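Let me begin by presenting the structure, written as structure tokens, before commenting on it.
The values are calculated or read from the model by the stated rules, or taken from the named source; none is laboratory data. Values in this document were obtained by computation on a predicted structure and should not be read as measured data. Here the Cβ positions follow ideal geometry from the backbone for every residue, glycine too, while neighbour counts run over all protein chains shown. Quick note on the areas: whole protein, heavy atoms, side chains included, nothing else; ligands and nucleic acids left out. Shrake-Rupley method; radii C 1.70, N 1.55, O 1.52, S 1.80 Å.
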Amino acid sequence: MATDNNRFQAIISHCKEYGFIFQSSEIYDGLSAVYDYGQWGSELKKNIKDYWWKSMTQLHENIVGIDAAIFMHPTTWKASGHVDNFSDPMIDNKDSKKRYRVDHLLEAHADELEKAGKKEEGEALLATMDKLLAADDMAGLKQLIEDNKIKCGVSGTSNWTDVRQFNLMFSTQLGSVTDEASEIYLRPETAQGIFVNFLNVQKTGRMKIPFGIAQIGKAFRNEIVARQFIFRMREFEQMEMQFFIRPGSQKEWYEYWKEARMKWHQSLGIPADQYRFHDHVKLAHYADAACDIEFNFPIGFKEVEGIHSRTDFDLSRHQEFSKKKMQYFDPEINQNYIPYVIETSIGLDRCFLMVMSNAYAEEDLSTPEKQDSRVVLRFAPKLAPIKLAVLPLTKKDGLPEIAREIMDECKQSFRCFYEEKDAIGKRYRRQDAIGTPFCVTVDHQTKEDQTVTIRYRDTMQQERIPINKIRELIEKQIL
Ligand code: GAP
């Protein structure tokens with residue numbers, strides 16, 4: 001059984017063993033901080049995506065979705081501030097040549113202090129770090145690392161370079177000529193695709209403020225310390241929504257979206273005490289208020305989503321750099337203005353890891369007669385990769401034919417899985433391990449009275465229900 005300390009490792013192993021996540025290009029020894037989603041991982045990821053998309057677009061009449069390109073005109077990133085500001089303070093260890101993000105190095109040290117019973121010292125360290133980061137005080141950050149005698153995990157020495165800022169954007173060339181003018185970036189956030197399309201959507205959709213534009217898509221960051229499985233990746237997906245509002249109403253809408261997003265998180269079936277808000281001390285270059293929703297991952301409380309009051313920074317900058325007006329005429333107050341924006345931005349992969357961490361359970365089922373245990377993924381049924389497994393008790397006596405009919409009846413409505421190999425208990429356990437909430441078993445009684453045994457993943461309880469009630473029962477549970 002996994003202890004608290006190795007729970008994270010157990011989840012990573014389970015993801016690989018059961019087809020959720022594989023290291024990218026594993027046969028070539030993998031690519032650091034890049035991952036592939038397997039057969040069940042891609043289903044789970046898609047279900048999370050669809051659930052977010054529906055909650056944003058279908059359930060909000062004033063939010064529409066777009067799908068912008070990953071490549072954008074390079075001036076986009078000048079205007080957004082990413083060329084000049086999208087960097088993190090880094091420090092290199094001269095002996096191991098390893099590069100670290102300064103905040104990660106200090107946070108890891110604060111964690112160690114807490115584990116050693118010096119919680120207050122750790123908190124004081126983080127408070128000092130926040131102040132130095134807010135003041136962009138690179139020399140002060142280096143001093144803090146030295147004062148705390150922080151060592152490199154690889155070389156074991158404190159032989160550090162100065163702290164410097166490193167840009168996190170990946171660049172590449174457009175076309176065949178390699179010159180500075182053809183250099184473009186892989187987008188580090190999806191948000192800019194929304195900003196540059198603001199007027200296209202507003203005009204063609206006849207949208208009235210307040211309204212939102214949502215988008216799901218890949219983003220790329222050259223993360224330096226990327227050793228936490230899919231928590232911090234170099235290629236990842238974001239689900240972002242920019243909500244355009246009247247200037248002056250940003251506080252009210254910021255609070256609205258904080259509450260709305262927290263409710264969404266809890267609707268995933270994750271208990272409220274597994275979340276907390278973290279207000280930013282050091283605000284990003286575009287924000288006048290910002291917070292994170294943090295989830296209690298097996299590696300501690302960490303950011304899963306950011307909510308940012310981005311003012312009119314982005315639209316104003318695009319107006320300035322493109323020389324195209326980004327104004328909106330508000331008929332209610334008869335005024336032109338550049339809208340303010342509240343952004344909600346959640347990492348899809350991080351959300352996946354959150355759902356997986358919350359679902360993963362190892363259960364001891366031993367009785368005095370027999371040692372037994374199971375690993376079960378307690379996904380909310382609406383997110384589970386497979387909703388129903390259809391299992392004929394034996395491969396003969398007409399049972400597979402009945403099971404196939406049930407498959408045909410249900411697979412139009414939700415993802416089903418058919419299996420006839422191995423003892424029924426073994427098949428149940430395999431479905432538990434991939435989080436299938438319902439299994440139905442077709443047995444000899446089915447031939448007599450048209451009923452099957454339905455087995456519930458979480459309680460392991462079983463009951464008989466008529467075949468013609470299966471689809472309805474499951475549809476109710478996965479809404
Ligand atoms: N448009 C605003 C923005 O991108 P962010 O806080 O940098 O804000 C938003 O990122 C979310 O994207 C984060 O809360 C996190 O869930 C996810 N994210 C950011 N960097 C990531 C990475 N390297 N790997 C996985 N997810 C990441």
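Taking the Cα centre of the range 386-478 as reference, the dipole from Cβ charges on Lys and Arg (+1) and Asp and Glu (-1) amounts to some 360 debye. Taking a straight Cα-Cα cut-off under 18 Å and skipping sequence neighbours fewer than 8 places away in the same chain, the aspartates and glutamates within cross-link reach of residue 258 are 240, 273, 279, 288, 292, 294, 303, 305, 343. Over the residues of the chain, the helix contribution to mean residue ellipticity at 222 nm works out to -10000 deg cm²/dmol, using -39500 (n - 2.57) for each DSSP H run of at least 4. When only alpha carbons of the chain are considered, Rg and Dmax amount to 25.8, 81 Å. Residues in the range 76-92 carry Karplus couplings, in order, of 3, 7, 5, 4, 6, x, 5, 5, 8, 10, 7, 9, 10, x, 10, 9, 10 Hz; the curve used is 6.51 cos²θ - 1.76 cosθ + 1.60 with θ = phi - 60°, and Gly or Pro positions show x.
List residues of the range 317-353, by number, whose backbone nitrogen lies under 17 Å from a label position 7 Å along Cα→C-beta of residue 249. Answer for this model: 327-344. Working note: Karplus 6.51/-1.76/1.60 with θ = phi - 60° gives the range 290-305 the couplings 7, 8, 10, 8, 9, 10, 7, 5, x, 9, x, 5, 9, 5, 10, 8 Hz, where Gly and Pro are set to x.
Contact order, relative form, for the chain: 13 percent (alpha carbon pairs under 8 Å, 6 or more residues apart, mean separation divided by residue count).
Dipole of the chain computed with +1 at Lys/Arg Cβ and -1 at Asp/Glu Cβ about the Cα centre; of 353, 459, 62, farthest Cα towards the positive end is 62.
When peptides 365-377, 295-307 are ranked by their average number of other Cβ atoms within 10 Å per residue, the highest-first order is 295-307, 365-377. Listed values for the range 388-395 are Karplus-derived 3J(HN,Hα) couplings in whole Hz (6.51 cos²θ - 1.76 cosθ + 1.60, θ = phi - 60°), namely 9, 9, 10, 10, x, 4, 10, 8, and x replaces Gly and Pro.
In this rough spin-label picture, where each label sits 7 Å from Cα along the Cβ direction, the residue 260-residue 62 distance is 0.8 nm. What Kirkwood Rh does the range 220-310 have if only Cα atoms enter the pairwise 1/r average? Answer in Å. One decimal place: 14.7 Å for the Kirkwood radius. For residue 65, the residues whose modelled amide H falls within less than 5 Å of its own, excluding neighbours fewer than 5 places apart on the same chain, are 214.
For residue 419, the residues whose amide H sits under 5 Å from its own are 390, ignoring neighbours fewer than 5 places away on the same chain, with H placed 1.01 Å from N. Bridges between two residues of the chain, per DSSP, are antiparallel at a rate of about 85%.
For residue 78, the lysines whose Cα falls under 28 Å of its own Cα, not counting residues fewer than eight places away in the same chain, are 131, 203, 218, 251, 282, 323, 324, 325. Normalised by the number of residues in the range 386-478, the average gap of Cα pairs under 8 Å and 6 or more apart makes the relative contact order 30 percent.
For the range 386-478, the number of Lys pairs with C-alpha atoms closer than 14 Å, counting only pairs eight or more positions apart or on separate chains, is 5. The convex hull around the C-alpha trace of the range 386-478, projected and averaged over every direction, spans 5.2 square nanometres.
Taking each residue as 0.36 nm, the span from residue 25 to residue 121 lengthens on full extension beyond its C-alpha to C-alpha distance by 30.3 nm.
The fraction of accessible area contributed by carbon and sulfur in the chain is 48 percent, rounded to a whole number (1.4 Å probe; ligands and nucleic acids excluded). Entry comment: accessible area of the range 386-478 is 50 Å² per residue, from protein heavy atoms only and a probe of 1.4 Å.
Based on the convex hull around the alpha carbon atoms, the range 427-479 presents an average projected area of 3.8 nm².
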